[in-house]
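The values are calculated or read from the model by the stated rules, or taken from the named source; none is laboratory data. For clarity, every value in this text was computed on a predicted model and none was experimentally measured. Using ideal geometry, Cβ is built from the backbone for each residue, glycine included, and neighbour counts are taken over all protein chains shown. With ligands, DNA and RNA removed, areas are computed over all heavy atoms of the protein, side chains included. Shrake-Rupley method; radii C 1.70, N 1.55, O 1.52, S 1.80 Å.
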Amino acid sequence: MTEPTGQPESAMNRFPLSGTQQWLCGADLGDEAGAFGRLFTSEMAVRIPGQVNVEALRCALDDVVRRHEMLRTIVVRDARPRYQQVYPPAPATLEVRDLPPASEKPRDVRVQEIITSAGRRGMSVRNLPLLRAELNRFDDQDSVLVVTTHHTAADGWSINVVFRDLAAFYRARVTGSPADLPDAPQYRDFVAWEQARLAGSDAGVVLEYWREKLNGARIFALPSDQPFSGVHTRPYSAYYFSIDAGVAAEIARLSAAMRSSVFMILLAAFNVLTYEINGTTDPVIHTFSNGRNELRAHNVVGPIANPLPLRTSFDDCVTFRDVVKCTRRTCLEAYSHQIPSERIEREVPDLTAPLKDPMLCKIVFSMPQRQIDDADLEFVDGSYEVRKEVVQHESEGVDLARGSTWDMDLLASGELTGTVRFNLDNFNLDTVTGWASAYCRILSGGVLDPDSEWKKL
């Protein structure tokens with residue numbers, strides 16, 4: 001990866017930013033921290049049980065860079081108004097490592113170490129393309145391919161698209177046949193669609209919905225163990241926990257019976273947790289929508305995931321099932337009134353007032369949505385995605401722009417995992433583990449007996 005050279009693809013190549021990009025600029029702390037910092041990256045790994053053609057893989061990476069402009073786009077943050085520029089394709093970095101054969105650690109353990117190491121390397125938003133691959137070979141028949149992008153170029157949905165396309169281009173390079181892929185609109189096309197929607201006749205109705213929905217509301221924030229000075233002195237930590245497959249199966253059954261999503265069940269349990277933390281029955285939870293309601297956006301690579309404040313009032317609820325119903329209604333209403341979060345915050349400026357308190361910390365609750373499966377990742381027969389395993393607590397290099405995240409993920413095994421990313425400058429580890437334990441208790445109790453009183457879970 002190199003600094004962009006020459007001219008962008010056209011002399012007038014200045015494209016407006018999306019709502020999500022504007023939101024990311026609000027968390028801009030320079031090139032070393034915050035939303036545009038080196039450590040705000042996303043990784044995905046695939047285990048490949050067969051021989052890999054390195055030259056075909058190198059060419060396939062370049063095919064992906066040509067296909068998706070956002071991987072070679074610079075956000076010009078010091079201009080007013082800010083804008084983005086697309087640069088010509090440049091070779092992506094492919095690093096090939098032959099791993100030492102002798103090791104006391106099992107290969108599966110070493111795979112986890114490889115993924116963790118990739119996430120700690122960082123990536124400069126000024127070095128294009130924003131795509132790096134590492135091929136780690138145990139031997140000719142067993143490799144781990146890790147792909148890294150920057151969050152400002154590709155959200156969680158996008159990196160799945162990138163990996164799917166990479167596998168398709170690889171197979172095409174090996175076989176000499178065309179890649180079997182759907183059309184991929186560019187990110188600037190998405191921005192144009194978004195701007196047209198915001199200028200449409202329904203925009204006023206959507207803004208009025210949010211003004212009424214969030215009237216008098218304040219975003220939920222976690223109480224810190226110590227006041228925050230505004231600058232973290234330590235790297236972020238991650239606490240991992242898991243919910244067994246039996247409970248996960250009950251979540252799936254309850255969500256189907258209540259015509260809700262798994263995310264709605266998980267959010268309902270988090271709503272109950274907020275009551276245990278600070279006694280609220282009217283929380284506004286900062287979460288994310290994938291922002292891809294329209295089919296034409298499904299193959300776009302770029303930061304489309306949109307912050308969404310979800311306010312659920314459940315004071316009148318008696319059972320956990322009641323809380324799920326209220327949460328479902330909140331989600332469906334919000335999804336049908338999606339708009340860039342910076343527009344919502346402009347309409348309801350007091351919403352984020354709690355975040356100015358040094359004893360409160362922003363928390364984002366989310367669950368990634370995956371639209372591909374291992375069949376889309378066939379570099380060779382039997383290739384499969386490798387997820388981060390539950391290892392409880394570890395230090396991470398990631399910088400979350402002064403906030404914390406609570407991510408839930410449904411694995412192929414049927415197991416649910418959770419990851420709380422936080423900074424020890426804000427919270428003691430015992431505090432975070434206590435919240436995670438309480439959440440697991442609430443979730444398990446609620447789905448196993450949804451008609452029990454939610455206050456007694």
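I want the antiparallel fraction of DSSP beta bridges within the stretch 68-207, as a percent rounded to 5.
65
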Extension gain from Lys456 to Asn428, taking 0.36 nm per residue of separation minus the Cα-Cα distance: 7.4 nm
Per the C-alpha gyration tensor (a ≥ b ≥ c, the square roots of its eigenvalues), the stretch 46-185 is rounded if a/c is under 1.5, else prolate if a/b beats b/c, else oblate; here it's oblate
Of Glu347, Glu55, Glu385, which has the most accessible area and how do the rest follow, probe 1.4 Å? Glu55, Glu347, Glu385
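If I stretch the segment between Thr116 and Asp140 completely, what's the gain in nm (0.36 nm per residue apart, minus their alpha carbon distance), one decimal?
Stretched out fully, the Thr116 to Asp140 stretch lengthens by 6.3 nm.
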How many Å² of accessible area per residue for the stretch 1-154, probe 1.4 Å? 42
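Run the helix sum for the chain: -39,500 (n - 2.57) per DSSP H stretch of 4+ residues, divided by residue count, reported at 222 nm to the nearest 500 deg cm²/dmol.
-10500 deg cm²/dmol
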Report the charge-dipole magnitude of the chain in Debye, nearest 20, computed about the Cα centre from +1 at each Lys and Arg Cβ and -1 at each Asp and Glu Cβ. 820
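How would the stretch 241-281 be classified by its alpha-carbon gyration tensor: rounded, prolate or oblate, with rounded meaning a/c under 1.5 and the a/b versus b/c comparison settling the rest?
oblate
Could you do me a favour and compute the accessible area per residue for the stretch 266-367, 1.4 Å probe, result in Å²? Don't skip to the answer; put the middle values down first.
On the way: 3820 Å² over 102 residues.
Per-residue accessible area for the stretch 266-367 comes out at 37 Å².
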DSSP beta bridges in the stretch 262-395 [antiparallel fraction, %, rounded to 5]: 75
Quick check: Cα centre of the stretch 268-334 to Cα centre of the stretch 53-91, how many Å? 33
Among Tyr239, Pro227, Leu198, which residue has its Cα furthest toward the positive end of the charge dipole of the stretch 193-282, with +1 on Lys/Arg Cβ and -1 on Asp/Glu Cβ? Leu198
With +1 on the Cβ of every Lys and Arg and -1 on the Cβ of every Asp and Glu, the dipole magnitude of the stretch 258-380 about its Cα centre, in debye rounded to the nearest 20, is 200
Simple SL model, points at 7 angstrom along Cα→Cβ for Ala203 and Leu295; separation in nm is 2.7
Among (1) 0.98; (2) 1.07; (3) 0.89, which one is Cα Rg over 2.2 N^0.38 Å computed from these coordinates? (1)
Among Ala60, Ile48, Gly26, the residue whose Cα sits farthest towards the positive end of the charge dipole of the stretch 16-74, when +1 is placed on the Cβ of each Lys and Arg and -1 on the Cβ of each Asp and Glu, is Ile48
Would you work out if the stretch 28-107 is rounded, prolate or oblate? Take a ≥ b ≥ c from the square roots of the eigenvalues of the alpha-carbon gyration tensor; rounded if a/c is under 1.5, else prolate when a/b is larger than b/c, oblate otherwise. oblate
Rounded to a whole %, the carbon-and-sulfur portion of the accessible area of the stretch 126-187 at a 1.4 Å probe is 45
Gain in span if fully extended, Asp78 to Asn127, counting 0.36 nm per residue against the direct Cα distance: 15.9 nm
